[in-house]
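Peer 1: Before I ask anything, let me first share the structure, which is written out below as structure tokens.
Each value in this text was obtained by applying a stated rule to the coordinates, not by laboratory testing. Note that the coordinates shown come from a computational prediction; the quantities given were computed from them, not determined experimentally. Note that each Cβ is placed from the backbone with ideal geometry, even for glycine, and that neighbours are counted across all protein chains shown.
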Amino acid sequence: DKIKEQRERERQRQRERELREMERRRVERERRERERQREIIQREREERERLQRERDRLQRERERLVREKQERERLERERMRIERERAREQERIAREREETR
């Protein structure tokens, strides 16, 4: 009888050890999964930040290109105005020469 009781206690201790081990593994799996999720979230956040920086850079580049285009257009208008003035001045000089002859 004592031997049976002893064996039963041993089986019970063994079951308890197995249960503790199963619980330890479960807790460890959950910990690894939480860590994996944190890493995924971190990578996603870093990627969003990188994309936002790239959008910001592209926006600044677009703004710079628009300013340069506006400046080129302004310079072209100024060049054309000067050419018109020069042409009018040359016409005036030519008329004055004709009148003095």
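Peer 1: Looking only at the stretch 13-21, decide whether some residue is of a type in the set (A, V, I, L, M, F, W, C), under 42 Å from the mean Cα position of the chain (by Cα) and in a helix (DSSP H, G or I).
Peer 2: Checking the stretch 13-21: not a single residue is of a type in the set (A, V, I, L, M, F, W, C), under 42 Å from the mean Cα position of the chain (by Cα) and in a helix (DSSP H, G or I).
Peer 1: Here's another thing I want to ask about it. Among the residues of the stretch 66-101, how many are hydrophobic (A, V, I, L, M, F, W, C) and either exposed (fewer than 10 other Cβ atoms within 10 Å of the Cβ) or over 59 Å from the mean Cα position of the chain (by Cα) (or both)?
Peer 2: Matching residues across the stretch 66-101 total 2.
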